[in-house]
Amino acid sequence: MIQLIELGKRFGNLVAVDGINLKVDSGEAFGFLGPNGAGKTTTIKMMAGLIKPTSGKVVIDGWDLAEHPNRAKKVVGFIPDRPFLYEKLTALEFLKFIAGLYNFSSNGVEGKIDYLFGLFGLTDWRNELIESFSHGMKQRLVMASAFVHQPKLIIVDEPMVGLDPKGAKLVKEVFRGFCAKGGTIFMSTHTLEIAEEVCDRIAIIQEGKIIAVGNMKELKERTGSDGKNLESVFFKLTGGEEVKRIVDALKV
Amino acid sequence: MREIILLLKTKILSYKNSSKNEEKKRFLRFIIFFSVGLLFWLGTFLIFFRVLSYFASIEVIGALLASRLLSMVFLTFFSLLIFSNVITALSTYFLSDDLQLLNSTPVALSSLYAGRFVENIVNSSWTVLFFSFPVFLAYGLVYNATLLYYLTLIGVIVPFLLLSAALGTILILILVYIFPARRLKDIIMLASIFLVVGVFLFIRFLQPERLVNPESFYLVMDYISNLKTPTSPLIPSQWAANAISPFLFGYSGDWGFFLLLLWSTGLAFVVMGEWVFKRIYYDAWSKAQEAKSAKLSRSKIVNRVLETMLRPFPSQIRVVVLKDIRIFLRDTNQWPQLFLICALVVIYIYNFSVLPLEKSPMPTFYLENLLSFINLGLAAFVIAAIAVRFTFPSISLEGRSFWIVKSSPLELRKLVWSKFWLNFFFLLIPAEILIITTDILMNATNFMLWLSAITIGGMTFGITSLGIGFGAYFSRFKVENVSQIATGFGGMMYMIVAVSFIGLVVILEARPVYLFFMSKIRSIPLTGAELTEIVVLLFMALILNVLAFVLPMKLGLRKLASLEI
């Protein structure tokens, strides 16, 4: 479903993403982890078509994003980390707008929208302006909008930001259900627990390079963290000493 | 004082850092800005220099006319400054994103007032200052003013800016305080009504039609004494004019008195503004936070009509246009500008209806058609002024939500063109109403009526394309408040290019119209050479229109496609 081939991005002298290669199959939930500034969001933005790669290419569902952007984007539902939306539209108008953008305006769209409002607990808010929504509600609305055109792939940057525990549980279930039906999830997150629970495979990126890829078992074997959780794998790969120093520094 | 400097420093650093990333483009930007600005500046200077030189050559009433023109200039600047300050103060004191942070820190209210006050003056006054310099320079040169004139002028301008900024701030503070912010729409409506009344009073103060009609005065002395009468002794713009007039027209006046009057009133209003600010700002700002009510009016009928009207269009175009219309109708921030522009259009048309053309010494036929030709340029200017407020920001108004469109399979070309057509019709309707109504009111010939209607229609294509194209090229998705989009560098570049485009089209059509009328007046048919000249010039005007229509859209689209968010 996704192929990142020698994908790279420079901002002036800064190499944000350094020629990464990745392959994600259909029906897979793929986690993309890394410390702050490692290049996660830049990679995701390149996959969503928001920024142009400096080198390499992104292939989605067989379509090269640079050559056939609209064909590739058609199968993607994108959820950014910060839900900037059209504040003066109602939730219903927003979802109809998104459906229209994806040319998904058949008779079934109303039913699909109703279903998504119900699923994400927004039915009572469907006719309210988005400006009156809390951060968490906006995040739920963005998620609903990502599913409205029946995508094959969901690209999501930090899915749990702003969500309450109920919302977080719901999202996990929705993602699992989506993959069970053959959908693909590409998720960047700092919440290691979510990655561990939802993702089939995980890649860890640091300083723009992928330093490890595999399922939980493979990653644990590679780092010698048998019996431990993803957190210890993550720290082993990305350097836990730094965290220890920060904790010490914060001690009064 | 430390806090004020800190607040201002933050703004300056933000500006500096935002341009740092575009180091290479900065030089080019500067060159373009400098040369186009200089051209415009020179144009304004030459026009005023010529008009004032003409006035200076007329005995007795020449100086009086120049003096009256000076009052008009100051009154125009004063009105513009107050309007601009009201809009800016609403943004900087109540809508700016960083206020959440600032108001949660122990920054003193007086520092916030002062810091933002300076920001308001800079944001709202620089364009007025820029365009006022050539005017004042022309006055100085024509009337051989000494250095004292220029020094006094600086002494006049500073309190003039302080006074208008303080008035604008006090006005918006009181309005937001009195009206619950959830009824922001009502506040804006009320502010707009104030503005309309203000503009009406402004026009009445000028009494322009009386000057065109000397016969309405019983004696020549009566006419002259009318010119001598100050427009209104209570208006600060008149004090400003009175303070510098003695240095221009050579008569002894109480310039010192008026200068002191300006300074004392200006400073008094700044202090008064701080007093009002300290007392009501926190309550007003707190109320403004309650504006996030979802109970704004959303007419089902309007929605249904819009949806039905747009049904024939493809889905992607339909939803983009629908979204833009809905956001425009619900975003009250844009309303005061709309009301003000409507008021200006009404007054514009009204003024044509009261022009006593038949009493003028020039032949009525000639004057009517000459005026309708000038009207063409002025109307196009009005449309460009509307476009800089609404069309130019339309791409930037996608704001931080631009990721939605950019990550969707909607081609940017479709987005940009749907915005073009929406704005085109939004501008074409007032443009044609303006032109046809005023031409009918002036009894212009059918030829002039048709020429004006077709030309303004053609120019609206160019004006819209320039607005969308420049708006895309200079797009600012992360702007803190909407009003900054139109008042920034891009907005100014757009206005300069749009006005130059209008000026060129009018100049290219001037000769053909002159030849046509001369042949009519003299009842001599046009010669072959004249006909060729007419065709060539009109063809050049057509080419210019086509270029203004095609190039900016291409440029804007290319820039937008390469934009990374």
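Criterion applied to B:Val319, B:Val271 was being modelled with pLDDT of 80 or more, within 11 Å of another protein chain (Cβ to nearest Cβ) and farther than 17 Å from B:Leu90 by Cα, and the one residue passing it is B:Val319. In the set B:Ser396, B:Ser418, B:Ser401, B:Ser407, only one residue is within 14 Å of chain A (Cβ to nearest Cβ) and in contact with a strand residue (DSSP E or B) (Cβ under 6 Å, 6 or more places away or on another chain); that residue is B:Ser407. Within the stretch B:335-357, not a single residue is over 30 Å from B:Ala108 (Cα atoms), away from every other protein chain (no Cβ under 13 Å) and at pLDDT 80 or above.
With respect to being open to solvent by 20 Å² or more (accessible area, probe 1.4 Å), in contact with a Phe, Trp or Tyr (Cβ under 9 Å, 6 or more places away or on another chain), at negative phi and in a helix (DSSP H, G or I), B:Val506 fits the description. Do we have B:Ala379 as away from chain A (no Cβ under 14 Å) and open to solvent by less than 20 Å² (accessible area, probe 1.4 Å) here? Here the answer is yes, as B:Ala379 does meet what is asked. Restrict the check to the stretch B:435-454 and report whether at least one residue is farther than 25 Å from B:Val535 by Cβ and free of Cβ contacts under 8 Å to residues at least 12 places away in the same chain. So far as the stretch B:435-454 goes, yes, one or more of its residues are farther than 25 Å from B:Val535 by Cβ and free of Cβ contacts under 8 Å to residues at least 12 places away in the same chain.
Please indicate, with yes or no, whether at least one residue in the stretch A:204-225 is touching a residue at least 60 places away in the same chain (Cβ under 8 Å), touching a strand residue (DSSP E or B) at 6+ places or on another chain (Cβ under 8 Å), open to solvent by less than 20 Å² (accessible area, probe 1.4 Å) and within 18 Å of A:Asp25 (Cα to Cα). Taking every residue of the stretch A:204-225 in turn, at least one turns out to be touching a residue at least 60 places away in the same chain (Cβ under 8 Å), touching a strand residue (DSSP E or B) at 6+ places or on another chain (Cβ under 8 Å), open to solvent by less than 20 Å² (accessible area, probe 1.4 Å) and within 18 Å of A:Asp25 (Cα to Cα).
Residues are listed down the side, and each one gets a yes or a no for (1) open to solvent by less than 20 Å² (accessible area, probe 1.4 Å); (2) at pLDDT below 90; (3) acidic (Asp, Glu):
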position: B:Ser91; (1), (2), (3): yes, yes, no
position: B:Thr105; (1), (2), (3): no, yes, no
position: B:Ser110; (1), (2), (3): no, yes, no
position: B:Thr127; (1), (2), (3): no, yes, no
position: B:Phe133; (1), (2), (3): no, yes, no
position: B:Leu141; (1), (2), (3): no, no, no
position: B:Leu151; (1), (2), (3): no, no, no
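Consider the stretch B:469-489 and keep the residues that are in contact with a helix residue (DSSP H, G or I) (Cβ under 6 Å, 6 or more places away or on another chain) and farther than 20 Å from A:Phe84 by Cβ. The one that is most open to solvent (accessible area, probe 1.4 Å) is B:Tyr473. Within the stretch A:129-143, the residues that satisfy the criterion of being surrounded by 19 or more Cβ atoms within 10 Å (Cβ to Cβ) and within 13 Å of chain B (Cβ to nearest Cβ) are A:Leu129, A:Ile130, A:Phe133, A:Met137, A:Lys138, A:Leu141, A:Val142.
The stretch B:38-146 holds helices (runs of 4 or more DSSP H) entirely within its bounds, and those carrying 1 or more residues that are over 25 Å from B:Ser245 (Cβ atoms) and of a type in the set (D, E, K, R) map to B:109-142.
Considering the stretch B:509-540, the residues that are of a type in the set (A, V, I, L, M) and not in a helix (DSSP H, G or I) include one that is farthest from B:Phe470 (Cα to Cα), namely B:Ile524. Of the residues examined, B:Ser252 is not one that is open to solvent by 30 Å² or more (accessible area, probe 1.4 Å), modelled with pLDDT of 90 or more and not acidic (Asp, Glu). Taking the conditions exactly as written (open to solvent by 10 Å² or more (accessible area, probe 1.4 Å), within 11 Å of another protein chain (Cβ to nearest Cβ), of a type outside the set (Gly, Ala, Ser) and touching a Pro at 6+ places or on another chain (Cβ under 8 Å)), does A:Lys9 satisfy them or not? Criteria met by A:Lys9. Among residues of the stretch A:68-87 being more than 23 Å from A:Gly183 (Cβ to Cβ) and open to solvent by 40 Å² or more (accessible area, probe 1.4 Å), the one that is nearest to the other protein chains (Cβ to nearest Cβ) is A:Phe84.
Candidates in the stretch B:43-55 are the residues that are at pLDDT below 85 and out of contact with any Leu (no Cβ under 7 Å at 6 or more places or on another chain); of these, the one that is most open to solvent (accessible area, probe 1.4 Å) is B:Tyr54. Counting only strands (runs of 3 or more DSSP E) that fall entirely inside the stretch A:20-138 and contain at least 1 residues that are among the polar types (S, T, N, Q), the qualifying elements are A:55-60. Of all residues in the stretch A:93-106, none are facing chain B (nearest Cβ under 8 Å), under 21 Å from the mean Cα position of the chain (by Cα), farther than 22 Å from A:Asn127 by Cα and surrounded by 18 or more Cβ atoms within 10 Å (Cβ to Cβ). Would it be correct to say that B:Phe40 is modelled with pLDDT under 85 and either more than 22 Å from B:Leu162 (Cβ to Cβ) or surrounded by 12 or more Cβ atoms within 10 Å (Cβ to Cβ) (or both)? Against the criterion (modelled with pLDDT under 85 and either more than 22 Å from B:Leu162 (Cβ to Cβ) or surrounded by 12 or more Cβ atoms within 10 Å (Cβ to Cβ) (or both)), B:Phe40 qualifies. Look at the stretch B:391-420: where a residue is part of a loop (DSSP other than H, G, I, E, B) and a partner is β-branched (Val, Ile, Thr), sitting 6+ places away or on another chain with Cβ atoms under 7 Å, you get B:Thr391/B:Thr464; B:Thr391/B:Ile468; B:Ile395/B:Ile468.
So for the stretch A:17-24 (the condition being touching a residue at least 24 places away in the same chain (Cβ under 8 Å), of a type in the set (Lys, Arg), away from chain B (no Cβ under 11 Å) and within 20 Å of A:Glu207 (Cα to Cα)), does at least one residue qualify? The answer is no, given that none of the residues of the stretch A:17-24 is touching a residue at least 24 places away in the same chain (Cβ under 8 Å), of a type in the set (Lys, Arg), away from chain B (no Cβ under 11 Å) and within 20 Å of A:Glu207 (Cα to Cα).
Here B:Ile524 meets each of (1) surrounded by 15 or more Cβ atoms within 10 Å (Cβ to Cβ); (2) free of Cβ contacts under 8 Å to residues at least 24 places away in the same chain; (3) not aromatic (Phe, Trp, Tyr) with one exception, condition (1). Candidates are the residues of the stretch A:25-67 that are open to solvent by 30 Å² or more (accessible area, probe 1.4 Å) and closer than 16 Å to A:Thr191 by Cα; the one that is nearest to the other protein chains (Cβ to nearest Cβ) is A:Thr41.
The values are calculated or read from the model by the stated rules, or taken from the named source; none is laboratory data. Because the structure is predicted, anything quoted here is derived from the model rather than measured. We place every Cβ from the backbone using ideal geometry, glycine too, and count neighbours over all the protein chains shown. Just the protein is used for accessible areas: all its heavy atoms, side chains included, with ligands, DNA and RNA removed. Shrake-Rupley method; radii C 1.70, N 1.55, O 1.52, S 1.80 Å.
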